[in-house]
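The values are calculated or read from the model by the stated rules, or taken from the named source; none is laboratory data. Just so it is clear, the structure is predicted and the values come from calculations on it, not from any experiment. Cβ: placed from backbone, ideal geometry, glycine included. Neighbour counts: every protein chain shown.
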Ligand code: SF4
């Protein structure tokens, strides 16, 4: 594989969006709120297609591998023929801090091939100077290595594999689908007025929804089957973390019913999360890091509880609507708002889906989703060594189980509750803005920091905090 990675010698000045690339790049949707520098971007609250939440691509991270892969391909596409002699990509913010652990560098080199890629890691520019915590600057070079500055392109990976330019305008949304509602409260009003379930609102809005969801579900199922059958002993990376989905599945068979059900859901969540950590093809739901949660419970209901395929797809439609609302009104990016935005959102989506499968009313579905998010508020992102492994993999399992609990609790009630889903999503976004950068996918705080201190102690050094972590 051609390509090189080097540290930035000096911080790059942030360039404007895309020069000629802006003219040549695929369709953009212009009416989007610009982001506040260094903060979770403000949203215009327009619900877009659930297929912006369900994207298929390579793990381990929708922001760090899937988004950069898309950006690299768009960049080359926009440059056209002849191809550049080299592309330089400067990674900034969380992409710089955890890009190696999330394989951003390798993904970019692969996506740009056969054009040689130079990956620059800019650890010096603070988030406050960036348009987004996940920013990339693409630069092309022509014959003789001459820079082509007209093509410089600043692009941000905003979550779920989606991209925005430096002004916050979505990039490359072909034929965007917009819902007639802006949030879940409005969706409930719309559904009540028209005697619809949530999934029927999706059906009325999205063209070819069942065919497309069938394709998404097939990828989710295939990922779980692959993960359960994997013969890989440990995951790639320096942690050498053992894969456990297969053994969980095996041991589940001999457990009494209730424990078996929980163990099966756990095994399915591990299967996808481990496949994601191995860089395999997965579906974001709503991100790569949280991709194991929703498929685990849906797979259990179809495979072990015998629920018909059509009802599984309807549950995925409703889960997608809740994910689309989080994406429109808050964020699904760990770099913007911590893990509450990723695993918290996945837990909410799964809770809504499970509630619907069990005959919940609109209000009970909304309550299940709200409860699932409410009790994930403040969940930080602190991946050890920057790999989407610890705490991510177990956290998927935990969230899948929690989603079932939230749905069960909502179903015991009549659905009335004090905090709405829309409100809790706003709280998630504001909590995310309050989180220190160390807890937003930079691998600088929490478990990541503890791990580095422990490694340093074992090696006899003072550790990254100058020894304060020593006991
Ligand atoms: S801790 Fe959560 S948000 Fe962070 S990388 Fe892991 S799954 Fe993603």
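Does residue 415 satisfy the condition of being modelled with pLDDT of 95 or more and surrounded by fewer than 21 Cβ atoms within 10 Å (Cβ to Cβ)? For residue 415, the condition - modelled with pLDDT of 95 or more and surrounded by fewer than 21 Cβ atoms within 10 Å (Cβ to Cβ) - is met. When you scan segment 221-239, do you find a residue that is touching a strand residue (DSSP E or B) at 6+ places or on another chain (Cβ under 6 Å), surrounded by 15 or more Cβ atoms within 10 Å (Cβ to Cβ) and in a helix (DSSP H, G or I), even just one? Within segment 221-239 (the criterion being touching a strand residue (DSSP E or B) at 6+ places or on another chain (Cβ under 6 Å), surrounded by 15 or more Cβ atoms within 10 Å (Cβ to Cβ) and in a helix (DSSP H, G or I)), the answer is yes, since at least one residue qualifies. For segment 344-364, the criterion of a residue being surrounded by 24 or more Cβ atoms within 10 Å (Cβ to Cβ), within 16 Å of the ligand (Cβ to nearest atom) and either over 27 Å from residue 259 (Cβ atoms) or free of Cβ contacts under 8 Å to residues at least 40 places away in the same chain (or both) is satisfied by at least one position. Scanning segment 282-325 for residues that are closer than 23 Å to residue 252 by Cα and within 16 Å of the ligand (Cβ to nearest atom) gives 290, 291, 292, 293, 294, 295, 296. Take residue 247 and decide whether it is away from the ligand (no atom under 16 Å from the Cβ) and surrounded by 21 or more Cβ atoms within 10 Å (Cβ to Cβ). No, not satisfied. Number of residues in segment 92-123 that are under 14 Å from residue 442 (Cβ atoms) and away from the ligand (no atom under 16 Å from the Cβ): the value is 4.
For segment 71-100, the set of residues classified as surrounded by fewer than 23 Cβ atoms within 10 Å (Cβ to Cβ) and within 30 Å of residue 240 (Cβ to Cβ) consists of 100 only. For segment 326-336, check the following and say yes or no: at least one residue is in contact with a strand residue (DSSP E or B) (Cβ under 9 Å, 6 or more places away or on another chain), farther than 30 Å from residue 444 by Cβ and either more than 9 Å from the ligand (Cβ to nearest atom) or not assigned by TED's automatic domain parsing to the domain that holds residue 365 (or both). Scanning segment 326-336 turns up no residue that is in contact with a strand residue (DSSP E or B) (Cβ under 9 Å, 6 or more places away or on another chain), farther than 30 Å from residue 444 by Cβ and either more than 9 Å from the ligand (Cβ to nearest atom) or not assigned by TED's automatic domain parsing to the domain that holds residue 365 (or both). Which of the residues spanning segment 337-380 are outside any helix (DSSP H, G or I) and under 18 Å from residue 269 (Cβ atoms)? Answer for segment 337-380, where residues must be outside any helix (DSSP H, G or I) and under 18 Å from residue 269 (Cβ atoms): 375, 376, 379. Please indicate, with yes or no, whether at least one residue in segment 309-325 is surrounded by fewer than 24 Cβ atoms within 10 Å (Cβ to Cβ) and either at positive phi or at pLDDT below 95 (or both). Among the residues of segment 309-325, not one is surrounded by fewer than 24 Cβ atoms within 10 Å (Cβ to Cβ) and either at positive phi or at pLDDT below 95 (or both), which makes the answer no. When only residues in segment 268-281 that are in a helix (DSSP H, G or I) and more than 10 Å from the ligand (Cβ to nearest atom) count, which is farthest from residue 67 (Cα to Cα)? Taking the candidates together, the pick is 268.
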